[in-house]
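The values are calculated or read from the model by the stated rules, or taken from the named source; none is laboratory data. Everything quoted here is computed from the prediction, not taken from an experiment. Here the Cβ is made from the backbone with ideal geometry for all residues, glycine too, and neighbour counts use every protein chain on show. Keep in mind that these areas ignore ligands, DNA and RNA; they rest on the heavy atoms of the full protein, side chains included. Shrake-Rupley method; radii C 1.70, N 1.55, O 1.52, S 1.80 Å.
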Amino acid sequence: MQATRVIAIRHGETAWNAGMRLQGHTDIGLNARGEWQAQRVAQALAEESIHAVYSSDLSRAHATAQAIAQHNTSLNDKNVATHQGLRERGFGTFEGQTYAQIAEDWPVESERWRSRDPHFAPPGGESLVQLRDRIQSTVDALASQHVGEHIVLVAHGGVMDALYRLATQLDLQSPRSWALGNAAINRLLWTPEGLTLVGWADDQHLNDEDFADQGAALS
């Protein structure tokens with residue numbers, strides 16, 4: 001069977017993640033915890049046999065991907081290939097706003113967003129249908145180049161959600177019951193017939209006590 005093994009990683013934490021503020025296509029860098037998470041996931045994947053690392057072109061994902069590529073012992077080419085198709089869902093006018101602000105300023109639109117209306121797009125943004133179709137075509141294009149190999153895709157929470165739903169054939173409106181943690185390790189298998197789930201939300205390499213101890217040592 002023609003297959004490509006895929007490791008999908010959400011970028012490390014940003015200040016907007018911590019503040020419950022929608023990022024979308026806005027380019028926000030990693031915060032201190034996010035930089036630590038990027039190093040930790042890079043160490044966890046250092047001995048994996050990886051043939052290529054792809055990333056969203058947004059800096060929070062690219063920095064996480066660069067850490068993975070630099071630490072991996074099997075990669076001859078440490079360059080990360082960026083692809084706009086791996087970007088987060090575009091949230092248009094919602095970007096930069098907190099969840100509470102969105103509910104207050106756009107109550108009708110907020111209800112459609114929170115209810116996962118698959119065809120609702122914030123003004124200037126994308127619908128869930130558009131996001132899913134974009135992610136499917138991007139993964140098909142990238143994974144088909146690496147049949148029999150192992151690749152890493154570093155992207156965003158909305159992308160991880162789309163991948164999970166594609167792999168499990170869950171409806172876009174189904175309530176989410178799976179984690180989308182920053183820098184967690186998610187494993188899938190791609191074939192021309194589609195994606196299947198191998199493992200999800202492995203975060204054993206992330207221990208907040210270790211991060212706290214690091215901060216104490218530097219203070």
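So here's what we get for this one:
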| quantity | calculated |
| --- | --- |
| Tally, over the stretch 204-219, of residues that are open to solvent by less than 80 Å² (accessible area, probe 1.4 Å) and at pLDDT 95 or above | 2 |
| Residue match in the stretch 59-73 (condition: open to solvent by less than 60 Å² (accessible area, probe 1.4 Å), more than 27 Å from Ala100 (Cα to Cα) and out of contact with any strand residue (DSSP E or B) (no Cβ under 7 Å at 6 or more places or on another chain)) | yes |
| Spans of helices (runs of 4 or more DSSP H) in the stretch 1-80 with at least 3 residues touching a helix residue (DSSP H, G or I) at 6+ places or on another chain (Cβ under 8 Å) | 32-44, 59-71 |
| Filter result (open to solvent by 40 Å² or more (accessible area, probe 1.4 Å), in a helix (DSSP H, G or I) and either over 26 Å from Leu30 (Cα atoms) or touching a strand residue (DSSP E or B) at 6+ places or on another chain (Cβ under 8 Å) (or both)) within the stretch 116-135 | Gln130, Asp133 |
| Set Arg132, Arg116, Arg89: member being in contact (Cβ under 8 Å) with a residue 40 or more places away in the chain and on the phi > 0 side of the Ramachandran plot | Arg116 |
| Matching residues in the stretch 165-180 - criterion: being open to solvent by 20 Å² or more (accessible area, probe 1.4 Å) and under 17 Å from Val6 (Cβ atoms) | Leu166, Thr168, Gln169, Trp178, Leu180 |
| Count of the stretch 101-113 residues which are free of Cβ contacts under 8 Å to residues at least 40 places away in the same chain and under 18 Å from Gln23 (Cβ atoms) | 7 |
| Checklist (1) assigned to a helix (DSSP H, G or I); (2) open to solvent by 20 Å² or more (accessible area, probe 1.4 Å); (3) touching a Lys or Arg at 6+ places or on another chain (Cβ under 9 Å) applied to Leu189, failing item | (1) |
| Residues (open to solvent by less than 10 Å² (accessible area, probe 1.4 Å) and farther than 30 Å from Val147 by Cα) located in the stretch 1-27 | Thr14, Gly24 |
| Matching entry among Ala141, Ala162, Ala183 (being surrounded by 21 or more Cβ atoms within 10 Å (Cβ to Cβ) and in a helix (DSSP H, G or I)) | Ala162 |
| Any hit, the stretch 100-115, residues being in a helix (DSSP H, G or I), touching a helix residue (DSSP H, G or I) at 6+ places or on another chain (Cβ under 6 Å) and open to solvent by 10 Å² or more (accessible area, probe 1.4 Å) | yes |
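The rows are residues; the columns are (1) under 14 Å from the mean Cα position of the chain (by Cα); (2) closer than 21 Å to Gly34 by Cβ.
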{"position": "Asn79", "(1), (2)": "no, no"}
{"position": "Gly92", "(1), (2)": "no, no"}
{"position": "Val108", "(1), (2)": "no, no"}
{"position": "Gln130", "(1), (2)": "no, no"}
{"position": "Thr138", "(1), (2)": "yes, no"}
{"position": "Leu142", "(1), (2)": "no, no"}
{"position": "Val147", "(1), (2)": "no, no"}
{"position": "Ala155", "(1), (2)": "yes, yes"}
{"position": "Thr168", "(1), (2)": "no, no"}
